[in-house]
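Participant: Take a look at this one; I'll ask things after.
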Amino acid sequence: MVILDVSIVNVALPSIQRGLHFGTTGLQWVVNAYTITFGGFLLLGGRAADLLGRRRMFLAGTALFSASSLLCAFADSRGVLIGARALQGFGGAVLSPASLSIITTSFAEGSERNRALGAWGAMAGLGDASGVLFGGILTQAFGWPAIFVINAPIGLAVITLGRGVIPESRRDDLRRDFDAPGAILVTLGLVAVVYGIVRSDSLGWGSIAVLGSIALGIALLGAFALLEGRLAAAPLLPLAVLKMRRLRAANLAMALLYAGVFSMWFFLSLFMQGVLGYSALKAGVAFLPITLSVALASTFAPRMVARVGACRVIVAGMLSSAVGLALLSQVSAGASYLTVVLPGGVIAGAGFGMTVVPLTITAVQGVSPAQSGLASGLINTARLVGGALGLAVLTTLADSHTASQLTRGASRLGALASGYQLAFAVAAATCFLGSLLSLFLLRPDPSDIATVASGREARRAAWTCGRVDAPPKPPDPMTPEPS
């Protein structure tokens, strides 16, 4: 349901833009009000799940998410819709880490957990695929409010079934301190930074308002780091956890992946409906092959990890996303869906699905059960924060370039397509950078693999993403490489 809500909104963005009179940079707040609040409160949601009970918070988050969806549906102004989307993001921040924590604490590390995470990733892909189709059908048949109403029956079904299926679990050894000031500081800091980036389009980068907003955001994020490192009795993010090299690298790679790929659906929806003239339904159908490629790739990702190691799969996936986005940078007013949008979107989507699951596996691998909620919340925070910042930067670049082309006499459709070209090109470069960083940061050091290799084997493993021969005991075919 959470992923469904992202994809279903993307298809309806042009209709929302017309209905509530959003500009392009304003329209991205329909997405970012959700993702920033989601990302900012994820760690608080993970803490609440550990302290108050994972099932309890999962069901409470689902109820809040569903209720705020109805508020979105009845919004009659831009401010009300953005506020309801922020509340919806808070509901997602409560239920999402609880769901992943339920999985990581219910299945043993190794093949069993990898299969469960693969199913979790496949359900995300299913939400993506069904979202674009339902988004097109509902928007065209009933208008954009219907895309939010659909969450109410889904949420009701989840709550009804979850009460009987999910066992309750929580930690009783933790101090009952939720560190709400930390969650508020990081959320306000992200909002201020994104607001400054977005305002640069109309005010310029030298504007006091822009620089002041970004400076305020950085100061708030610095205060968050100080609070977590020195002052909080029970910090949301114990800075010591960032000393885990692979967890730190996996979070950085996830942020770069989402910074590059997350905006693809935003810009493709605007391009297909605003430039190619597709209806909402036709755009939803056109998205299906792309989202199915995400679902299929995420389903097979655990098997690929077992065969060649997580690092190789991550690098290959991010390179695939970079290639797909580079193809999409060729969009134009006369571009063909079959020759540009379809191949570029499918290649980027497959790379995205191939990368998310092994990054999640890497981020929680070796983490103690006591820190599972924290690790789950951290990887999801990196995902959403990366997506929000990437969308803010790329939307600002695209809008500025479009305005520049219009002043030079370009046609409206040509100027729009030119702005999207720039956004896709920068997104491709971001994913390529992510592949390089993953290659070097996610490969184990020789000391990491000393228990399974030595000498020349250790050096070879360090430069081949850590894929080494197993000890004499026959390995489980689904067990990932040692870390």
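The values are calculated or read from the model by the stated rules, or taken from the named source; none is laboratory data. Source: prediction; values computed, not measured. Here the Cβ is made from the backbone with ideal geometry for all residues, glycine too, and neighbour counts use every protein chain on show.
Participant: Against the definition (in contact (Cβ under 8 Å) with a residue 24 or more places away in the chain and either among the charged types (D, E, K, R) or crowded, with 24+ Cβ neighbours inside 10 Å (or both)), how does Thr62 come out, yes or no?
Facilitator: yes
A quick yes/no check of all residues on (1) at pLDDT below 90; (2) within 20 Å of Arg18 (Cβ to Cβ):
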| residue | (1), (2) |
| --- | --- |
| Gln273 | no, yes |
| Phe300 | yes, no |
| Gly309 | yes, no |
| Val315 | no, no |
| Leu325 | no, no |
| Ser329 | no, no |
| Ser336 | yes, no |
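Participant: Let me ask something additional. Given the condition closer than 28 Å to Pro167 by Cα and surrounded by fewer than 19 Cβ atoms within 10 Å (Cβ to Cβ), answer yes or no: does some residue in the range 66-82 qualify? Walk me through how you get there before you give the answer.
Facilitator: First pass over the range 66-82, keeping only residues closer than 28 Å to Pro167 by Cα: 66-69.
Retained after the next criterion (residues that are surrounded by fewer than 19 Cβ atoms within 10 Å (Cβ to Cβ)): 67.
Taking every residue of the range 66-82 in turn, at least one turns out to be closer than 28 Å to Pro167 by Cα and surrounded by fewer than 19 Cβ atoms within 10 Å (Cβ to Cβ).
Participant: Is it fair to say Ala392 is on the phi < 0 side of the Ramachandran plot, in contact with a Gly (Cβ under 8 Å, 6 or more places away or on another chain) and in a helix (DSSP H, G or I)? Walk me through how you get there before you give the answer.
Facilitator: Working: on the phi < 0 side of the Ramachandran plot: yes; in contact with a Gly (Cβ under 8 Å, 6 or more places away or on another chain): no; in a helix (DSSP H, G or I): yes.
So Ala392 does not fit the description; no.
Participant: Which of the residues that make up the range 150-170 are assigned to a loop (DSSP other than H, G, I, E, B) and under 24 Å from the mean Cα position of the chain (by Cα)? Please lay out each step first, then the result.
Facilitator: Just the residues of the range 150-170 that are assigned to a loop (DSSP other than H, G, I, E, B), to begin with: 150, 166-170.
If the condition is that a residue be assigned to a loop (DSSP other than H, G, I, E, B) and under 24 Å from the mean Cα position of the chain (by Cα), then Ile150 is the only one that fits.
Participant: Looking only at the range 323-340, count every residue that is assigned to a helix (DSSP H, G or I) and crowded, with 24+ Cβ neighbours inside 10 Å and tell me the total.
Facilitator: Taking the range 323-340 first, the residues assigned to a helix (DSSP H, G or I) are 323-328, 337-340.
After this cut, where a residue has to be crowded, with 24+ Cβ neighbours inside 10 Å as well, the list is 324-325, 328.
Final tally of qualifying residues: 3.
Participant: State all residues of the range 277-334 that are of a type in the set (Gly, Ala, Ser) and either outside the structural domain of Asn10 (by TED's automatic domain parsing) or touching a Cys at 6+ places or on another chain (Cβ under 6 Å) (or both); if no residue qualifies, say none. Reasoning before the result, please.
Facilitator: Narrowing the range 277-334 to residues of a type in the set (Gly, Ala, Ser): 277, 279-280, 283-284, 286, 293, 295, 297-298, 301, 306, 309-310, 316-317, 320-322, 324, 326, 329, 332-334.
Answer for the range 277-334, where residues must be of a type in the set (Gly, Ala, Ser) and either outside the structural domain of Asn10 (by TED's automatic domain parsing) or touching a Cys at 6+ places or on another chain (Cβ under 6 Å) (or both): Gly309, Ser321, Ala322.
Participant: Go over the candidates Ala392, Ala350 one by one and state the one that is under 21 Å from the mean Cα position of the chain (by Cα) and free of Cβ contacts under 8 Å to residues at least 60 places away in the same chain. Show your work before the answer.
Facilitator: Numbers: Ala392 fails: free of Cβ contacts under 8 Å to residues at least 60 places away in the same chain.
Exactly one of Ala392, Ala350 is under 21 Å from the mean Cα position of the chain (by Cα) and free of Cβ contacts under 8 Å to residues at least 60 places away in the same chain, namely Ala350.
Participant: How many residues does the range 4-57 hold that are over 23 Å from Leu190 (Cβ atoms), touching an Asp or Glu at 6+ places or on another chain (Cβ under 9 Å) and crowded, with 24+ Cβ neighbours inside 10 Å?
Facilitator: So the answer is 1.
Participant: So, in the range 272-314, of the ones that are polar (S, T, N, Q) and out of contact with any Ser or Thr (no Cβ under 8 Å at 6 or more places or on another chain), which residue ends up surrounded by the fewest Cβ atoms within 10 Å (Cβ to Cβ)? Reasoning before the result, please.
Facilitator: Taking the range 272-314 first, the residues polar (S, T, N, Q) are 273, 279, 291, 293, 298-299.
Then drop every residue that is not out of contact with any Ser or Thr (no Cβ under 8 Å at 6 or more places or on another chain), which leaves 279, 293, 298-299.
Numbers: Ser279: 14, Ser293: 25, Ser298: 31, Thr299: 18.
In this case the residue turns out to be Ser279.
Participant: Right, next: Being farther than 21 Å from Arg383 by Cβ and touching a Cys at 6+ places or on another chain (Cβ under 7 Å) narrows it down to one residue among Leu59, Leu138, Leu81, Leu71; which is it? Full working, then the answer.
Facilitator: Working: Leu59 fails: touching a Cys at 6+ places or on another chain (Cβ under 7 Å); Leu138 fails: touching a Cys at 6+ places or on another chain (Cβ under 7 Å); Leu71 fails: touching a Cys at 6+ places or on another chain (Cβ under 7 Å).
Leu81 is the lone residue from the list that is farther than 21 Å from Arg383 by Cβ and touching a Cys at 6+ places or on another chain (Cβ under 7 Å).
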